[in-house]
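Here the structure is laid out as structure tokens; the discussion comes afterwards.
Computed from the coordinates by the stated procedures, all read-outs in this text should not be read as laboratory data. Just so it is clear, the structure is predicted and the values come from calculations on it, not from any experiment. Cβ atoms come from the backbone with ideal geometry, glycine included; neighbour counts cover every protein chain shown.
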Amino acid sequence: MCALQPVAQAQDRPAINPLYLMPADQATPAQVTQMQQRLLDWPQLQRYRDENAALPPVAPGAKRVVFYGDSITEGWGPTGSERFFPGKPYVNRGISGQTTAQMLVRFQQDVIALKPAAVVILAGTNDIAGNTGPTTQAMIEDNLHAMVELAQAHNLRVVLASVLPVSDYPWQPGVQPAGKVTALNRALRAYAAQQGLVYLDYHTAMTNKDGGLDPELAADGVHPTPAGYAKMVPLAEAAIARAQGR
């Protein structure tokens with residue numbers, strides 16, 4: 001008789017968003033709306049459709065850059081705002097809560113179709129949190145590699161960002177993400193070197209002794225404060241300059 005295998009430790013198991021396990025009669029109206037929206041438009045292709053159509057052509061001599069990601073990117077501020085690189089031809093296409101699988105689906109319309117010179121990709125933390133179901137590191141890497149390959153096929157320069165430090169997710173406690181983030185970032189750094197991409201290392205510059213973010217950089221431990229974004233800006237600008245200089 002075969003011995004039973006030990007149950008995997010929590011840090012070894014992909015996380016599952018508790019919303020997927022919740023009985024329907026226990027969900028709040030906001031949670032029901034969220035699930036309905038996901039069923040109707042899972043990758044949220046409608047989110048930026050009007051803004052994309054209204055985006056003016058790139059000015060002569062300018063180099064458009066698309067910042068592509070989840071709430072950490074979206075929270076930087078909308079395109080053209082004083083919070084998001086004022087005066088720069090940068091476009092924000094972050095969507096809160098998204099995982100790499102959702103981002104891959106909308107990459108054509110929200111990045112390639114905008115004809116940027118470069119794209120800054122920051123994604124993966126919501127996959128680790130299990131926002132769209134159990135996801136392994138290999139699955140995250142596959143989705144990010146596919147986005148990079150699409151960008152390269154259209155001659156876009158790619159800045160591949162590290163996942164920001166996080167020691168706990170308020171909406172998904174117990175995942176113990178710090179080690180998973182470090183492992184994913186190690187793989188992303190190696191992939192960037194192999195592919196000749198610019199690796200944007202937010203993690204090293206922002207992590208604390210617990211592998212997370214200090215409260216002054218992220219009050220909830222995940223989403224940057226103004227001070228957190230202020231720390232990210234020069235890192236992003238330097239990475240973009242390196243990418244455009246190649």
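Here are the numbers for the structure shown:
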| quantity | calculated |
| --- | --- |
| Reachable lysines, given that their alpha-carbon falls under 23 Å from the alpha-carbon of LYS88 and they are not under 8 places away in the same chain | LYS63, LYS115, LYS231 |
| Antiparallel bridges, percent of DSSP beta bridges restricted to region 61-245 (to nearest 5) | 10 |
| Translational diffusion of the chain, µm² s⁻¹ [Kirkwood Rh, Cα pairs; Stokes-Einstein; 25 °C; 0.890 mPa s] | 131 |
| The chain: calculated mean residue ellipticity at 222 nm from DSSP helix runs of at least 4, using -39500 (n - 2.57) | -11500 deg cm²/dmol |
| Between region 149-220 and region 98-132, the Cα center-to-center distance that results, in Å | 14 |
| Backbone N within region 196-210 under 16 Å of label point (7 Å from HIS145 Cα along the Cβ vector) | 196-197 |
| Length released on extending from ASN155 to ALA230, taking residue separation times 0.36 nm less the Cα-Cα span | 24.0 nm |
| Interchain or long-range residues, amide H under 5 Å from THR135's placed H | ALA15 |
| Amide H within-cut-off set for ARG157, under 5 Å, with H built and near neighbours excluded | ALA118, VAL119 |
| 5 angstrom amide H check on VAL91, placed H, neighbours 5+ away | VAL65, VAL66, PHE67 |
